[in-house]
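Everything on this sheet refers to the single structure shown next.
Every number in this text was worked out from the coordinates using simple rules, so none of it is lab data. Model, not experiment: these values are computed from the prediction. Cβ sites come from the backbone with ideal geometry, for glycine too, and all protein chains shown count toward neighbours.
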Protein chains: 2
Amino acid sequence: MNSYIAIDWGSTHLRAWYYCDGVCEQARRAEAGITRLQGRPPAEVLEEITRDWPRQAVPVIMAGMVGSDAGWMNVPYLPCPVSLDDLAARLTRVDKHGWIVPGLSLHDRENVNVMRGEETQLLGAARLCPASYYVLPGTHCKWVRADQQRIVAFRTVMTGELHHLLLHHALIGAGLPAQVADAEAFRQGLETGAQDRSLLSRLFEVRAARLLGVRPAASVSDFLSGLLIGHEVALMAETFMHPQPTPLTLIASPALADRYLQAMALGGLSAQWLDGDRAFQQGIRSIAHELDH
Amino acid sequence: MNSYIAIDWGSTHLRAWYYCDGVCEQARRAEAGITRLQGRPPAEVLEEITRDWPRQAVPVIMAGMVGSDAGWMNVPYLPCPVSLDDLAARLTRVDKHGWIVPGLSLHDRENVNVMRGEETQLLGAARLCPASYYVLPGTHCKWVRADQQRIVAFRTVMTGELHHLLLHHALIGAGLPAQVADAEAFRQGLETGAQDRSLLSRLFEVRAARLLGVRPAASVSDFLSGLLIGHEVALMAETFMHPQPTPLTLIASPALADRYLQAMALGGLSAQWLDGDRAFQQGIRSIAHELDH
């Protein structure tokens, strides 16, 4: 099937692409993530964002938090290890033409984890930029170990959400002026975070450094970003990536890719970068193709 | 001076004790921490909580965030290393009878830190329960290294604030039912946090475990508390307490003392417990005594 509608429906945003004969005809986005629906039925929101598109003639393939208990329908997770080739056969139908891609879960002795949405990016990445390890930064950054098409293990690091919490809800972010981009503060944060495994005892120093005039108050955001990402990459390289993590694909937006590639370079990791949107759309394309059969 | 008013004025609470000839005559508390004054002048709030006490006849000794830029007056920190014996001579006068105890700061190549309020507890603890290491749990837990009366180094771990942020502002706390005390969940958290240094990748599992039904939704708070405290104690024992941390005094409320003593026992650390209020009041008593001279 070369004509379909792809939907990336996360916690905060909703994005839609209409493909006709393999070509993307139109793309739309709305601030209508599943935590922002305010009681509106998902079906109604989908109708609106797909207005003027042949919604009743082509499959609508959705991935992300739309499949959670707070979304359209609670779609069961596929337990790992699992082959990405199974995704297309395990869609959940929500109406005549609408399908939701299942998330993945992991539950072993030392790790309990879930993902929704990233599995679709992984499917695309496995085609475009195959690797043994994948890293998908964001609110909840996923670190994934794969064996060919098979997802063997993954972990979640709440890096993006912690940055937001600390800056907007914690004392270390209280009373800050408008934040500015500060590449040097970011780099200092990276180095501190990578060198010192005691992140918890480093966080408060962000506030102390400001009180004592050691660091500009407008650079707290970028320093903190470096601290968290530097720590995350050093920690995961040591605890999750074994043996030697080659090859590694970073699936991210350009802005986040830049930050993670810096952190990885500092730790001696080399990674190929694949744009997150491109990975997602390739993933949906692979699934749509399977719907033919 | 055996007659004085002791004031513990923190971010959220204000507590006051009136001592007459060495005996505590009355104690009062108010939800009037310096973040809750809503524009009321601190002098006015102090008048109110000390009503009927001989406010103009005895010294009023205050410690805590009252000495911060958001408090009554921004009292300069005493830089470490510093002797606790110096505190009484370095008070800042705010009016005829009112004094604020200075906080401590630290700024060396690998650590930038501040404390306000804990220095007074440390002064009391050095008298009541002297040790080489002190741990003061709370919103921002302090780990302190001392050489007799001299404070040599300290670090801050945001354990209490992180627990609050994660439970009340993060996705892992979203939609939880009322939380119940669950000693077993706390113990499991302790063990997980102590064994695994990759705390950042453990936090999200709290949510995953709930989604997959691995842990009761009402026990998230206690599990998370164990996870954070277990991680903190293991981390600080390894990175901050060297050489062998003997003796160690834990300065805490009974509820927090119980949690930290469990975590310390798990890590093979033995500690003497000193009640936090008792330490504070002994600290003020020592300072009041010096005001005689």
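Side notes on the structure shown:
- With a Förster radius of 35 Å applied to the C-beta separation of A:Glu290 and B:Ala183, the computed FRET efficiency comes to 0.10.
- Nonlocal amide H pairs with A:Gln26, under 5 Å, H built at 1.01 Å: A:Tyr18
- Plainly put, the tip 7 Å out from Cα toward Cβ on A:Val214 is 3.6 nm from that tip on each other copy, the closest given first.
- The C-alpha atoms of chain A define a longest principal axis, and helix A:220-239 lies at about 70 degrees to it.
- When the Gaussian network model of chain A links Cα atoms closer than 10 Å, the mean-square fluctuations of A:Ser132, A:Ser68, A:Ser198 top out at A:Ser198.
- For A:Gly22, inter-copy label distances in nm, listed shortest first [label point 7 Å out on the Cα-Cβ vector]: 9.5
- Chain A, relative contact order in percent, only Cα pairs under 8 angstrom and at least six apart counted: 17
- The distance separating the Cα centre of region A:229-284 from that of region A:46-82 comes to 27 Å.
- Bridge type composition, region B:33-112 - antiparallel percent by DSSP, nearest 5: 45
- Calculated from the alpha-carbon coordinates, chain B shows an Rg and a Dmax of 20.1, 66 Å respectively.
- Spin-label model distance (nm) - A:Gln148 vs B:Trp273, 7 Å beyond Cα toward Cβ: 5.8
- Among A:Leu176, A:Leu104, A:Leu211, the largest mean-square fluctuation in a Gaussian network model of chain A, built with springs joining Cα atoms closer than 10 Å, belongs to A:Leu211.
- Alpha-carbon gyration tensor eigenvalues x 5, square-rooted, for region A:1-155, Å: 26, 18, 14
- Over region A:8-52: Kirkwood hydrodynamic radius from C-alpha pairwise inverse distances, Å: 11.0
- Unit Cα scatterers, Debye sum, the protein assembly as shown: log10 I(q)/I(0) for q = 0.05, 0.07, 0.08 Å⁻¹: -0.26, -0.49, -0.62
- Value of relative contact order over region A:82-151, rounded to a whole percent, pairs C-alpha under 8 Å and six or more apart: 27
- Among A:Thr192, A:Thr239, A:Thr159, residue whose mean-square fluctuation peaks in a GNM of chain A (springs only between Cα atoms under 10 Å): A:Thr239
- Taken over region A:202-293, the alpha-carbon convex hull comes to 134 cubic angstrom per residue.
- Remark: label point of B:Pro76 defined 7 Å out from Cα along the Cα-Cβ vector; separations to the same position in other copies 6.9 nm, ascending.
- Here is the P(r) of region A:134-293: all C-alpha pair distances, binned every 5 Å from 0, give 2, 8, 17, 21, 18, 13, 9, 6, 4, 2, 1, 0, 0, 0 in whole percents.
- Net charge over other residues, Cβ less than 12 angstrom from the Cβ of A:Glu191 (K, R count +1; D, E count -1): -1
- Based on C-alpha pairs under 8 angstrom that are at least 6 apart in sequence, region B:174-223 has a relative contact order of 68 percent.
- Rounded to whole Å, sorted largest first: equivalent-ellipsoid semi-axes of region A:97-215, Cα gyration tensor: 35, 16, 15
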